[in-house]
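The values are calculated or read from the model by the stated rules, or taken from the named source; none is laboratory data. Bear in mind that the values here come from a model prediction, so they are computed numbers and not experimental data. Quick reminder, even Gly has a Cβ in these numbers, built from the backbone with ideal geometry, and neighbours come from all protein chains shown. Accessible surface areas use protein heavy atoms only, side chains included; no ligands, DNA or RNA. Shrake-Rupley method; radii C 1.70, N 1.55, O 1.52, S 1.80 Å.
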Amino acid sequence: MEIIKSTAEMIQWSANSRAEAKTIALVPTMGFFHEGHLSLMRRAAKVADRVVVSLFVNPTQFAPGEDLGSYPRSFELDAARAQGVGVTALFCPDPDEMYPPGFRTTVAVAEITKKLCGKSRPHHFSGVTTVVNKLFNLVQPNFAIFGEKDFQQLAVIRRMVADLHMPVEIMGHAIVREKDGLAMSSRNSYLNEEERRQALCLWRSLQEARQHVLAGERGCAKIEKIVHDVINNHGHCHIDYIEIIDKDTLESSARIDSDVILALAVRIGKTRLIDNGRLLHGEDNA
Ligand code: PAF
C-alpha cells in the first residue's frame, strides 16, 4: 500500500492509474478505523481496480468548541488495517497541504444542509462538501463510497454531485453495528461505561418504532413520541432531533411509507451520536 501525503503526488498517482486504464474507488474518512470503515474499503475493492482511502481530519467541518482537537487518531493502526483489506493507496495530507495560506473557496449545498444535523451544526456540511470536492478533484475516482450512518451527508453529497455534473458514482453502504445494535462510530470511543450503556437508546428506540409500525401504526407524530419516550427513559440522554423523513429530500413525513427513515441525533454526556433506519422493512438503508 502506498502512503501519499502531498496533493501533487495524489494527482500524479491518479493520472498514472487512468493512463493504465485502472478504475479507482475512493473511501473518504477521518481515520480511527473500525469495522464500518473496513466494510466500505472491502466494498471499494470489489467495485474498482484500485482503492484510495483518504485519512484527513478535516478542520473546516468542525465549529469552534467541537471535538477537532480531541478527535481520535491512530495512524499506524489505521495504515495496518487499510493494508489488510486491500487498499492500494492511503492519502493522508497535512491540513496545510489541503488548506494552504490564502485558501478562500467554499462549496455549499443549499436547503437540505439546514435541516437535521445542519440545525445544530450550521457550517458543518459546507466543510464536508468543500473537502469532498477537493478529494474528488485530487483522486478523480470512478466511485466514492460513504456510510449510511451519516445519511444526511450522503444525501448532500449526492445532491452536490448531481448539481455539479461530477463524473463520479456515489455509493451508500449499510450501517455496521456492534453486537448489541450500537452503530459503529469513531466517536463511540468517547463514551465511558455508563454512557456506552445509555447510548443503546438510539438502537432500542429504532427497534421499538419498528415494532409499532409492524403492528400497523403509520402516523409519524405517534412514532416520534414513542421514540422520544424510549430515549428519555434511558437516563441522561439529550435529544437533538427525532424526525421521520423522506430518504432523498429529507422532508418531514406525516405518514409512514416505504421511502421514509427515522433519523436520530442524541447527546450522551458530551458525545453527540447519530443513527437512522427504515421503519417499514426493519432494516438499515442498504
Ligand atoms: O464522514 C466523514 O468521515 C467525513 O465527513 C468525510 C466524508 C471524510 C469528510 O471529511
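Tallying residues that are touching a Gly at 6+ places or on another chain (Cβ under 7 Å) and at positive phi within region 77-131 yields 0.
Restricted to region 14-31, and to residues there that are crowded, with 21+ Cβ neighbours inside 10 Å and over 23 Å from S126 (Cβ atoms), the residue that is farthest from the ligand (Cβ to nearest atom) is S17. Just one of the numbered conditions (1) in contact with a helix residue (DSSP H, G or I) (Cβ under 8 Å, 6 or more places away or on another chain); (2) aromatic (F, W, Y); (3) more than 25 Å from Q152 (Cα to Cα) is not true of F91: (3).
There is no residue in region 211-225 that is of a type in the set (D, E) and under 23 Å from M171 (Cβ atoms). Summed over region 84-134, residues that are within 23 Å of I244 (Cα to Cα), loosely packed, with under 14 Cβ neighbours inside 10 Å and small (G, A, S) total 2. Assess whether I223 counts as being of a type in the set (A, V, I, L, M, F, W, C) and within 18 Å of the chain's Cα centre (by Cα). Considered against the rule, which asks whether it is of a type in the set (A, V, I, L, M, F, W, C) and within 18 Å of the chain's Cα centre (by Cα), I223 comes out as no.
Taking the condition out of contact with any Ser or Thr (no Cβ under 8 Å at 6 or more places or on another chain) and at pLDDT 95 or above, does K149 pass?
no
Quick check on region 143-158: of everything there that is among the small types (G, A, S) and more than 13 Å from H37 (Cβ to Cβ), which residue is farthest from the ligand (Cβ to nearest atom)?
If we take residues in region 143-158 being among the small types (G, A, S) and more than 13 Å from H37 (Cβ to Cβ), then A155 is farthest from the ligand (Cβ to nearest atom).
Scanning region 176-204 for residues that are within 25 Å of S126 (Cβ to Cβ), of a type outside the set (F, W, Y) and either part of a strand (DSSP E or B) or open to solvent by 20 Å² or more (accessible area, probe 1.4 Å) (or both) yields A183, S185, R187.
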